[in-house]
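This is the structure, below, for whatever I ask next.
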Amino acid sequence: MQGVSVLARLRHIPLAGLAAGAALLFGTALALIFFFAPVDADQGLSQKIFYIHVPIALTAYACFGWGAWKALQHLRTRAPGADLESYAAIHQGVIFGAMTLLTGSIWARISWGRWWTWSSNQLVTFLILFLFYSAYFMLRYSVEPGPARANMSAVYALFGVVLIPISWLSIRIANDYIHPTVFTTHGPQMSGSMFFAFCVSWAGLLALAATMYRIELAGKRLDARLRELRELLA
């Protein structure tokens with residue numbers, strides 16, 4: 001997944017520069033969305049949330065994919081820190097997943113008068129993906145810290161990544177009007193200005209996710225070192 005490879009590259013940028021870049025990109029994206037991208041002929045101004053909702057969902061997929069990749073590294077090579085990196089990535093994925101459900105519900109309410117419909121396969125499959133990864137934390141914290149918890153968490157994260165293509169495909173094969181198929185084998189079905197605004201918005205959200213990921217990871221590592229120090233001094 002392209003988003004996962006982008007997150008991998010962003011990890012090498014200094015944190016301060018990454019945070020500044022995320023703020024600049026997202027500010028630029030908002031300007032493009034409201035002053036550059038044209039107003040949709042069918043949905044009007046409410047369609048502007050597309051440039052936020054869809055990139056947030058793709059960022060959630062990228063975070064879950066990165067978490068699964070780190071889980072695989074942990075199981076295959078026992079790479080130091082891979083378990084913690086997987087945890088932080090999945091945590092960010094759940095945050096962006098919640099934002100996806102929120103923005104999607106707002107868009108749905110404005111566009112077709114309902115916050116939610118259980119008859120829509122794409123909505124239900126994303127909710128299942130979100131709940132599956134939310135349950136990851138229940139599993140993780142029900143086991144004492146150690147190799148057993150790390151291994152169980154890694155296996156769970158790998159199982160969850162199977163739901164990502166299912167969720168993505170459910171949007172592409174949907175026959176209702178809630179999620180029109182914008183990206184096809186013939187390219188993006190939108191004007192150049194709309195696609196540019198979309199890409200800048202997604203880049204900003206990926207940079208924001210990478211910033212939050214690295215801040216959380218630094219905090220978790222510091223907490224682990226402080227805990228080790230207390231044990232040594234006890």
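The values are calculated or read from the model by the stated rules, or taken from the named source; none is laboratory data. Here the structure is a predicted model, which means the values were calculated and not measured. Note that we place each Cβ from the backbone using ideal geometry, even for glycine, and neighbour counts take in every protein chain shown. To get the accessible areas, we keep the full protein, side chains included, count just its heavy atoms, and leave off ligands, DNA and RNA. Shrake-Rupley method; radii C 1.70, N 1.55, O 1.52, S 1.80 Å.
So for each of 75-84, 124-133, 53-62, 109-118 I average, over its residues, the number of other beta carbons within 10 Å; can you give me the resulting order with the highest mean first?
My ranking of the peptides, most packed first, is 53-62, 124-133, 75-84, 109-118.
Can you give the accessible area per residue of the stretch 63-152, in Å², using a 1.4 Å probe? Kindly include the intermediate steps, with their values, before the conclusion.
Values: 4320 Å² over 90 residues.
Here the residues of the stretch 63-152 average 48 Å² of exposed surface.
If you don't mind, another one. With all protein chains present, calculate the accessible area of C63 using a 1.4 Å probe and round the result to the nearest 10 Å².
Rounded to the nearest 10, the figure is 10 Å².
Is the shape of the stretch 82-164 best called rounded, prolate or oblate, per the rule: a/c under 1.5 gives rounded, else a/b larger than b/c gives prolate, else oblate, with a ≥ b ≥ c the square roots of the Cα gyration tensor eigenvalues?
Because a/c hits 1.5 or more and a/b exceeds b/c, the stretch 82-164 counts as prolate.
Ignoring ligands, DNA and RNA, how do S105, S167 rank by accessible area with a 1.4 Å probe, largest first?
Values: S105 25, S167 0 Å².
Result, largest first: S105, S167.
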